[in-house]
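Right, one structure below, let's go through it.
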Amino acid sequence: MPSKNLPPKPRSIAAKKTVSIIASLYNEDLVDSLLNSAIQELRSLLPGITVNVYRVPGAFEIPVCAKKLIQTNTIDVIIALGVIIKGETSHADLVGNSVTQSLQEIAINFNTPIIHEVLLTENRAQAEERCSGQKNRGTEAAKAAVTMSELFANLDIANKRTSNFS
């Protein structure tokens, strides 16, 4: 009787993956909800993943921390978490725009995915809605981080195959 070939075991690359989460301490209760949800979802999707958490005073400090991490560590993807609630001045818009532009520049310049979940909301109720329950943006950030990490890994593999044939 011929033996049947067993299918190859699934190869888990999760143990080799590192996600760094940079989370603001400002509006800490809201950001903690995002953070906890992101970590729980990451560990659910990739049980062997390494998750490093870095806390910064506010959203404005997230980009400089991201740049420093990328320059000094091997990171597959960064998740940026923060909550900016608009007030009576334009300060929130200025910070939100600065953070968004800086994170995009860092991601492009260092070719490292940065998942941007620094929320800019009109009020606390809107922020609470996005930091809990079905709309929790921390969970969505984790899913996006896994997707980008896998995409970049596949692109690297494809690039190595292509360069081997050159």
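No value in this document is a laboratory result; all are computed from the given coordinates. Since this is a predicted model, take the numbers as computed values, not measurements. Please note: Cβ atoms are built from the backbone with ideal geometry, for glycine as well, and neighbour counts cover all protein chains shown.
Numbers below:
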{"item": "Sparsely packed chymotrypsin sites (Phe, Trp or Tyr not before Pro) within the range 61-166, loop by DSSP, other Cβ within 10 Å at most 14", "result": "Phe165"}
{"item": "Cut-off 14 Å, label 7 Å out along Cα→Cβ of Phe110, residues of the range 135-157 by amide N", "result": "none"}
{"item": "Cα-Cα P(r), the range 72-128, percent of pairs per 10 Å interval", "result": "22, 46, 24, 8, 0"}
{"item": "Long-range amide H partners of Lys17 with built H, under 5 Å", "result": "Thr50"}
{"item": "Under 14 Å from the Cα of Lys16 - aspartates and glutamates, other chains or at least 8 residues apart", "result": "Asp76, Glu150"}
{"item": "Cut-off of 10 Å, at most 11 other beta carbons, DSSP loop: longest stretch of the chain lacking such GluC sites (Glu not before Pro)", "result": "1-87"}
{"item": "Pairs of alpha carbons in the chain whose separation is greater than 22 Å (percent)", "result": "47"}
